[in-house]
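Down below is the structure, laid out as structure tokens.
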Amino acid sequence: MRARVLAALAASLCLTGFGCASAEEAFVTNQLSDDLMIVDLATARSVATIPIGGKPAGIAINADGRFAYVTSPDAKAVTVVDAAARQVAGRIEVGGGPLGIAVAPDGRTVYVADWYAAAVRVIDAASRSVTASIAVGASPSGLAVTPDGKLLLSADRDDDSVSVVDTTTRQRKAIIKVGTRPFGVTIDAEGRRAYTANVGSDDVSVIDIAAGREIGRVPVGMRPYAVALAQGRGFVTDQYGGTVSVFDLATLKPVKRINVGDYPEGINATADGKRVIVACWESNTLVIIDAAELKVIGEVKTGDGPRAFGAFLRRTE
């Protein structure tokens with residue numbers, strides 16, 4: 001009987017647009033409730049909550065979906081979560097103020113932005129230990145790795161720039177000036193362009209990675225936090241606006257602003273590009289946007305203070 005009820009619920013969610021796209025889960029860092037919440041996007045339901053501690057903020061999941069890595073600035077640590085078992089698998093002391101985090105495409109290396117030290121810590125995923133430190137600009141926040149794993153980009157908030165790091169030599173090879181106070185940074189699937197959400201100038205910088213320069217700016221809402229890419233468009237969380245600004249990736253022209261909730265922060269697109277998932281800090285919600293129709297189609301209650309800063313979606317098949 002229970003199985004039939006759950007099947008009926010799943011079917012109804014398909015009809016309302018919640019699920020039935022790619023099978024994915026959202027790993028949401030709830031900073032004020034000190035935990036990690038896992039949401040099944042096919043049913044728009046929470047399936048697990050894992051205590052983390054230390055005000056968890058950043059999140060990254062390796063390509064095979066086996067492990068999630070969570071930064072805790074107050075604990076000065078990274079927690080390793082076994083994604084399938086839904087339990088803590090380890091803890092790595094990194095010191096400083098760990099915030100943004102990214103995993104190399106091969107899953108062997110984890111990069112952690114140290115907000116206080118103008119550095120990126122390098123973690124060996126196998127030994128779960130810090131093996132190196134890379135000098136970048138002041139107050140590094142968001143991190144992203146190119147699809148080939150050769151370059152690491154660090155949004156250096158208080159230097160109004162992006163550091164480009166050679167992951168082989170672990171040296172900064174370029175500094176790209178962008179808008180004021182860049183926070184989140186996102187790289188497209190081809191590894192050609194990067195996008196920074198500039199908190200201080202209320203815009204998004206568009207970067208040509210090969211050329212090592214900014215090639216455009218897009219005005220968005222107040223206090224943009226992070227950027228997601230889907231359906232040929234950029235989606236930007238506007239913290240103070242309670243909106244997601246949408247712009248065309250080809251023309252860089254604004255398209256629409258979507259009301260989502262109070263203080264939206266983390267944002268990711270599903271693997272099939274059909275939905276955009278937004279964590280709203282003040283509303284304590286995870287909002288689901290139809291990326292083609294540009295409208296909200298679902299909402300899930302979260303813990304207190306969801307940030308989900310980073311790549312927080314995990315494919316389950």
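Rule-based calculations on the coordinates, nothing more; no lab input. In this text the structure is predicted, and so the values were computed from the model without any measurement. Every residue, glycine among them, receives a Cβ derived from its backbone with ideal geometry; neighbour counts consider all protein chains shown.
In segment 177-188, which residue that is closer than 22 Å to residue 279 by Cα and not acidic (Asp, Glu) is farthest from the chain's Cα centre (by Cα)?
By that ranking, first place goes to 181.
Does residue 248 satisfy the condition of being without any contact (Cβ under 8 Å) to a residue 24 or more places away in the chain, among the acidic types (Asp, Glu) and touching a Pro at 6+ places or on another chain (Cβ under 9 Å)?
Judged against the criteria, residue 248 is a match.
Scan segment 123-140 residue by residue and report those that are assigned to a strand (DSSP E or B) and surrounded by fewer than 21 Cβ atoms within 10 Å (Cβ to Cβ).
Passing the criteria: 124, 129, 130, 131, 132, 133, 135.
Where in segment 207-317 are there strands (runs of 3 or more DSSP E), lying wholly inside it, with at least 1 residues that are under 23 Å from residue 50 (Cα atoms) and touching a strand residue (DSSP E or B) at 6+ places or on another chain (Cβ under 8 Å)?
Output list reads 264-269, 275-280, 285-290, 295-301, 313-315.
Restricting attention to segment 281-296, which residues are more than 14 Å from residue 228 (Cβ to Cβ) and surrounded by 17 or more Cβ atoms within 10 Å (Cβ to Cβ)?
Answer for segment 281-296, where residues must be more than 14 Å from residue 228 (Cβ to Cβ) and surrounded by 17 or more Cβ atoms within 10 Å (Cβ to Cβ): 281, 283, 284, 285, 296.
Determine the pairs where a residue that is part of a strand (DSSP E or B), located within segment 41-55, has a partner that is of a type outside the set (D, E, K, R) and crowded, with 16+ Cβ neighbours inside 10 Å with Cβ atoms under 6 Å apart, the partner being 6 or more residues away or on another chain.
Short answer, once both residue conditions are applied: 46/37; 46/39; 47/38; 48/38; 49/37; 50/36.
Could you list, in sequence order, all residues of segment 149-176 that are outside any strand (DSSP E or B) and either among the hydroxyl-bearing types (Ser, Thr, Tyr) or more than 19 Å from the chain's Cα centre (by Cα) (or both)?
150, 158, 159, 160, 167, 168, 169, 170
Give the residue, chosen from 213, 223, that is buried (at least 18 other Cβ atoms within 10 Å of the Cβ), free of Cβ contacts under 8 Å to residues at least 40 places away in the same chain and under 27 Å from residue 156 (Cβ atoms).
223
The rows are residues; the columns are (1) more than 16 Å from residue 285 (Cβ to Cβ); (2) surrounded by fewer than 22 Cβ atoms within 10 Å (Cβ to Cβ); (3) not charged (D, E, K, R).
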residue: 231; (1), (2), (3): yes, yes, yes
residue: 235; (1), (2), (3): yes, no, yes
residue: 240; (1), (2), (3): yes, yes, yes
residue: 251; (1), (2), (3): yes, yes, yes
residue: 257; (1), (2), (3): yes, yes, no
residue: 264; (1), (2), (3): no, no, yes
residue: 268; (1), (2), (3): no, no, yes
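Every residue in segment 144-161 that is free of Cβ contacts under 8 Å to residues at least 60 places away in the same chain, surrounded by 20 or more Cβ atoms within 10 Å (Cβ to Cβ) and over 14 Å from residue 199 (Cα atoms), please.
144, 145, 151, 152, 153, 154
Kindly indicate the residue of segment 56-66 that is assigned to a loop (DSSP other than H, G, I, E, B) and under 16 Å from the mean Cα position of the chain (by Cα) and also surrounded by the fewest Cβ atoms within 10 Å (Cβ to Cβ) among those meeting that condition.
Looking at residues that are assigned to a loop (DSSP other than H, G, I, E, B) and under 16 Å from the mean Cα position of the chain (by Cα), I get 63.
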